[in-house]
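Below is one structure; the comments refer to it alone.
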Amino acid sequence: MEIQFGSLDDDVARFTLSGVTPAFANAFRRAMIAEVPTLAIEDVRIYDNTSALFDEMLTHRLGLIPIKTDLTTYSLKDKCSCEGQGCPSCSVTFTLSAEGPKTVISSDLIPQDPKAVPVFDNIPIVKLTKGQKLVLEAKAILNTGKEHAKWQPTIICGYKNQPVITISDICDACGMCVEECPREILTVKGKKVEVIEGKLSDCSMCRLCERACVATGIGEEPAIKISSEPDRFIFVVEGDGALPVKEIMQKAIHYIKEQSEELESQVREISGG
Ligand code: SF4
Ligand code: SF4
Ligand SMILES: [Zn+2]
């Protein structure tokens, strides 16, 4: 297995994963989405709400606010020493008190832990008109996207096979495929068509170029052919800011490794060693 990064920062990673099966690529994608824990608001105690939004709508909106998560500080509730009771090691409490006229935003949530703040401080929660009030206490806990989408650390997490474009000698450089390509990745150079350097990974494998080539009357087989590498995948992963993308990837790999070891030991146990 090999990972080659095209770009990597805290929010977005573009990389090629090679030497793996489609099943592994998909397991990696699913682990990043659903098995890496983050903090999200789960319980809300509303003391006063005279805003235009129902309590349920408000709590739903609060739950979707991404919160910066330090996985060295917090643990999952069911693995915490408090045995699920809720303590500062598995939950963080926010307080909010606001009176209109004003738009209540995410920075109005005051956290008990100054490190566990909303990722963005200007997410609108509700608009209060003059005299309207909102007073509440919200508790965020660590959980995974498997339980609810609000705990997913990624907003984009997908892959496609590495495209392969071959152009045979029967190409007469008519340029029809170049005009048809919606991603503008082909060009006519001399007496042949070719892929513009660095653009191959942009190919969506739509095969419009193949169809355009056949439509020129070249024969039943097009001069340009689109296929893909079965064990090479182009990934794009974008986080919601709760965790750096690199940490999401590391935790997902760690999860797959742990699960594989567990499966191996169970199989060994069943088969008597
Ligand atoms: S498959 Fe689609 S995107 Fe790729 S080169 Fe052909 S027309 Fe362009
Ligand atoms: S349409 Fe076919 S023949 Fe024309 S340039 Fe493209 S590959 Fe070559
Ligand atoms: Zn606890």
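Descriptive notes on the structure:
- C-alpha long axis of helix 245-270 to longest principal axis of the chain, angle in °: 90 degrees
- The chain: most fluctuating residue of GLY241, GLY84, GLY217 per GNM, C-alpha cutoff 10 Å: GLY217
- Mean separation of Cα contacts under 8 Å (6+ apart) over length of the range 100-171, as relative contact order %: 27 percent
- Amide H contacts of VAL119 (H built 1.01 Å from N, under 5 Å, at least 5 apart or other chain): ILE67, LYS68
- The spread of Cα positions in the chain, taken along each principal axis and listed from longest to shortest, comes to 75, 66, 27 Å.
- Of the two radii for the range 77-135, the radius of gyration is 1.13 times the Kirkwood radius, both from the alpha carbons; that is the Rg over Rh value.
- Once you divide the Cα radius of gyration of the range 152-273 by 2.2 N^0.38 Å, the number left is 1.59.
- Cα centre as origin, Lys/Arg/Asp/Glu Cβ charges: the range 39-152 dipole, Debye: 260 debye
- Relative contact order %, the range 39-152, counting alpha carbon pairs below 8 Å whose residues are six or more apart: 40 percent
- The range 46-101: GluC sites (Glu not before Pro) falling in loop per DSSP and having at most 16 other Cβ within 10 Å: GLU83
- Put a plus charge on the Cβ of each Lys and Arg, a minus charge on the Cβ of each Asp and Glu, and nothing anywhere else: the dipole of the chain about its Cα centre is then about 440 debye.
- J(HN,Hα) series, the range 117-122, from Karplus relation 6.51 cos²θ - 1.76 cosθ + 1.60, nearest Hz, glycine and proline x: 9, x, 4, 10, 8, 10
- Cysteines without a disulfide-compatible neighbour (Cβ-Cβ under 4.7 Å), the chain: CYS157, CYS171, CYS174, CYS181, CYS203, CYS206, CYS213
- Neighbour-count ranking [beta-carbon atoms within 10 angstrom, fewest first] of THR21, THR59: THR21, THR59
- Across the range 119-181, Cα-Cα pairs farther apart than 20 Å form 67% of the total.
- Pairs beyond 24 Å (Cα-Cα), from LYS77/LYS127; LYS160/LYS225; LYS139/LYS246; LYS79/LYS160; LYS115/LYS139; LYS79/LYS257: LYS77/LYS127; LYS139/LYS246; LYS79/LYS160
- Extension gain for the segment HIS60 to HIS148, taken as residue separation times 0.36 nm less the Cα-Cα distance, is 30.5 nm to one decimal.
- Here the range 218-249 and the range 34-111 have alpha carbon centers that stand 35 Å from each other.
- Each stretch of four or more DSSP H residues adds -39500 (n - 2.57); spread over every residue of the chain, this sum gives -7000 deg cm²/dmol at 222 nm.
- Put in order of Cβ neighbour count within 10 Å, fewest first, the listed residues SER228, SER168 become SER168, SER228.
- VAL214 paired with SER81, simple spin-label distance in nm, labels 7 Å along Cα-to-beta-carbon: 6.8 nm
- Whole-percent P(r), the range 9-75, all Cα pairs, 5 Å bins from 0: 3, 12, 14, 17, 14, 12, 11, 8, 4, 3, 2, 0.
- 0 to 90° range, to nearest 10: angle between helix 22-34 axis and the chain longest Cα axis: 20 degrees
- Using θ = phi - 60° and Karplus 6.51 cos²θ - 1.76 cosθ + 1.60, couplings along the range 201-217 (whole Hz; Gly, Pro as x): 5, 7, 4, 8, 6, 6, 6, 5, 5, 4, 5, 5, 5, 4, 5, 6, x
- With one equal scatterer per alpha carbon and no solvent term, the Debye-computed log10 I(q)/I(0) for the range 39-152 at 0.17 1/Å reads -0.78.
- Under 5 Å between amide hydrogens, built in the peptide plane, is the criterion, and for GLN132 it picks out GLY100 among residues at least 5 positions away or on other chains.
- Couplings 3J(HN,Hα) of the range 141-149, computed from phi: 10, 8, 7, 10, x, 5, 7, 6, 4 Hz, in residue order, whole Hz [Karplus 6.51 cos²θ - 1.76 cosθ + 1.60, θ = phi - 60°; x for Gly and Pro].
- The chain: relative contact order in percent, alpha carbon pairs under 8 Å with at least 6 residues between: 27 percent
- Amide H to amide H distances under 5 Å link CYS82 with no residue, where only residues 5 or more positions off or on other chains count and H is placed in the peptide plane.
- Each Lys and Arg Cβ is given +1 and each Asp and Glu Cβ -1; about its Cα centre, the range 1-79 then shows a dipole of about 240 debye.
- Gain upon complete extension [THR103, GLN4; 0.36 nm per residue less C-alpha separation]: 31.2 nm
- Selection among MET57, GLN85, THR187 by position relative to the dipole of the chain gives MET57 as farthest towards the positive end (Cβ unit charges, Cα centre).
Values in this text are rule-based calculations from the coordinates and carry no lab data. Please read all numbers here as calculations on a predicted model, not as lab measurements. Ideal geometry is used to build each Cβ from the backbone, glycine not excepted, and the neighbour counts take in all protein chains shown.
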